[in-house]
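Input: a single structure, listed below in structure tokens.
The values are calculated or read from the model by the stated rules, or taken from the named source; none is laboratory data. Remember, predicted model here, so these are calculated numbers, not experimental data. Note that we place each Cβ from the backbone using ideal geometry, even for glycine, and neighbour counts take in every protein chain shown. All accessible areas refer to the heavy atoms of the entire protein, side chains included, with ligands and DNA or RNA removed. Shrake-Rupley method; radii C 1.70, N 1.55, O 1.52, S 1.80 Å.
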Amino acid sequence: MIRIATEADAAACHAIYAPIVETSAITFETELPGEAAMRERIRTRLQNHPWLVWEENGEVIAYAYAGRFRERAAYDWIAETSIYVHEKARRRGIARKLYGVLLDAMQRQGINQAVGVITLPGDTSVAMHEAMGFAPAGVWPKAGYKLGQWWDVGVWSKFMSEPAVPPVPVVPFAQLAAQGGLDDLLG
């Protein structure tokens, strides 16, 4: 089942994220945020952007979210996306399904472009993004230092709709969810 995350999902999301922080360069976060910080991230993110979880048998095994790309108002129609799947649930198509619902929710908000930032080489992430219609948009060489080495970061982008002139304001995620604008996507 795909549903909107709640603050009660913080422990499960943290458990999925912790080994990624500790043992990989998938994220450049180097210190575990802790459950309280994860709870706060979920709470604040949901005001304006989606945070979704994949739940099986009462257990959250994946999560995906979108967030502000840059702070300037001119960037309101583009959002950066992230997805994390528990190691025991990988290679089952969960990421693509969950990511697809995330992108649909963003489009309903009026966000017209999604950006995925991938630590390279990141073959699995690159393949998933490209299968979802993302195209390479650039590389930041030696952008981050983690686990004793420098890593390049690639940027992939996807236009979900043609930008309007002038653009319609983006609907905050909490408002869209409260109005039932996602009911057919979730569950």
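Some points to look at:
- Using the Cβ-Cβ distance between Ala164 and Arg91 with R0 set to 45 Å, the FRET efficiency works out to roughly 0.70.
- Per atom type, the chain shows carbon and sulfur on 52% of its accessible surface, probed at 1.4 Å.
- The accessible-area ordering, largest first, of the residues Val21, Val171 stands as Val171, Val21, per a 1.4 angstrom probe.
- Neighbour net charge for Phe69 - beta-carbon separation under 14 angstrom, K R +1, D E -1: +2
- Ser125 exposes around 50 Å² of accessible area when a 1.4 Å probe is run over every protein chain in place.
- Probing with 1.4 Å while keeping every protein chain in the model, the per residue accessible area of the chain equals 52 Å².
- Straight-distance candidates among the lysines for linking to Lys88, with alpha-carbon spacing under 28 Å and chain neighbours fewer than 8 residues away dropped: Lys97, Lys146.
- At the residue level, Val60 shows approximately 10 square angstrom of accessible surface with a 1.4 angstrom probe and all protein chains present.
- Accessible surface of Arg41 - all protein chains present, 1.4 Å probe, nearest 10 Å²: 80 Å²
- Note on the chain: GNM, Cα springs under 10 Å; of Ala177, Ala137, Ala66, the largest mean-square fluctuation is that of Ala137.
- Anisotropy class of region 85-168 from Cα gyration tensor, a/c 1.5 cut: oblate
- Annotation: extensible slack from Leu186 through Glu31 equals 52.6 nm (criterion: 0.36 nm per residue apart, minus Cα-Cα distance).
- Over the chain: Rg over Rh, Cα atoms, Kirkwood Rh: 0.94
- Positive minus negative residues near Met132 (Lys, Arg vs Asp, Glu; Cβ under 10 Å): +1
- Solvent exposure, largest accessible area first (probe 1.4 Å, DNA, RNA and ligands not counted), of Phe69, Phe159: Phe159, Phe69
- Stretched out straight at 0.36 nm per residue, the stretch from Glu71 to Glu59 would grow longer than its current Cα-Cα span by 0.9 nm.
- In this label model, Asp123 and Ala8 are separated by 4.1 nm, measuring between points 7 Å along each Cα→Cβ vector.
- Where only DSSP H runs of four or more residues are counted, the chain gives -9500 deg cm²/dmol as its mean residue ellipticity at 222 nm, each run worth -39500 (n - 2.57).
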